[in-house]
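A.B. asks: This structure is in structure tokens; I'll ask about it shortly.
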Amino acid sequence: MRSRNVDEQKLEGLIANLLRAGVVLAAFVVLSGAVMYLGFHPRAHADYRTFHGEPDSLKTVHGVVRYAFSGHAMGIMQLGLLLLIATPIARVISSAAVFAVEGDRMYLLFTLLVLAVLLYSLFGSSLFV
């Protein structure tokens, strides 16, 4: 019984480190994109009288990744935000893997249901527009 308690503590520690690493990585990516953006646009002023939305290419995951890897600062900042969104999704995936290894079907089912809802909200809703 004691070894199982230790294993659960190790898994909780690994998941906590996964969440920390995801948040730190996302913050680093957003900050690097912000530094690039401010370096390229040092005198940019915000115009709050009219609303200017994001370009259409930055409204999808594929577009954000393409913009980020082509070196656009706004794409890099958006990629950081996607990494921040992906962090809890990675936590749910790792929890599902743990429940599958342990053979806990009920918690695995609930975790997979949560994962399906998260993935639908990220990818699926844009497929039906």
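A.B. asks: Just give me the residues in the stretch 24-62 being within 30 Å of residue 124 (Cα to Cα), modelled with pLDDT of 90 or more and of a type in the set (Phe, Trp, Tyr), in sequence order. Before you say what the answer is, go through the steps one by one.
C.D. replies: If we filter the stretch 24-62 for residues that are within 30 Å of residue 124 (Cα to Cα), which is where we start, we get 24-34, 51-62.
Okay, now just the ones that are also modelled with pLDDT of 90 or more, so 24-34.
Listed by number, the list holds a single entry, 28.
A.B. asks: Tell me whether the stretch 35-42 contains one or more residues that are more than 20 Å from the chain's Cα centre (by Cα), of a type outside the set (Ser, Thr, Tyr), more than 28 Å from residue 10 (Cα to Cα) and part of a loop (DSSP other than H, G, I, E, B).
C.D. replies: Residues of the stretch 35-42 that are more than 20 Å from the chain's Cα centre (by Cα), as a first pass: 35-42.
Narrowing the set further to residues that are of a type outside the set (Ser, Thr, Tyr) leaves 35-36, 38-42.
Filter once more, so that each one left must be more than 28 Å from residue 10 (Cα to Cα): 35-36, 38-42.
So of that shortlist, the ones also part of a loop (DSSP other than H, G, I, E, B) come out as 41-42.
Yes, because at least one residue in the stretch 35-42 is more than 20 Å from the chain's Cα centre (by Cα), of a type outside the set (Ser, Thr, Tyr), more than 28 Å from residue 10 (Cα to Cα) and part of a loop (DSSP other than H, G, I, E, B).
A.B. asks: Further question: Only one residue in 107, 67 is crowded, with 16+ Cβ neighbours inside 10 Å and aromatic (Phe, Trp, Tyr), so which one is that? If you could, list the steps in order and put the result at the bottom.
C.D. replies: Working: 107 fails: crowded, with 16+ Cβ neighbours inside 10 Å.
That would be 67, the only listed residue that is crowded, with 16+ Cβ neighbours inside 10 Å and aromatic (Phe, Trp, Tyr).
A.B. asks: Now for a different question. I'm told residue 87 meets every condition in (1) surrounded by fewer than 12 Cβ atoms within 10 Å (Cβ to Cβ); (2) closer than 30 Å to residue 12 by Cα except one. Can you identify the failing condition by its number?
C.D. replies: Answer for residue 87: the failing condition is (1).
A.B. asks: What number of residues in the stretch 1-34 are in a helix (DSSP H, G or I) and under 30 Å from residue 103 (Cβ atoms)? Before the answer, list the steps.
C.D. replies: Going through the stretch 1-34, the residues in a helix (DSSP H, G or I) turn out to be 2-34.
From the residues that got through so far, the ones that are under 30 Å from residue 103 (Cβ atoms) too are 2-22.
Of the residues in that region, 21 qualify.
The values are calculated or read from the model by the stated rules, or taken from the named source; none is laboratory data. This one's a predicted model, so the numbers in the text were calculated from it and none came from an experiment. Using ideal geometry, Cβ is built from the backbone for each residue, glycine included, and neighbour counts are taken over all protein chains shown.
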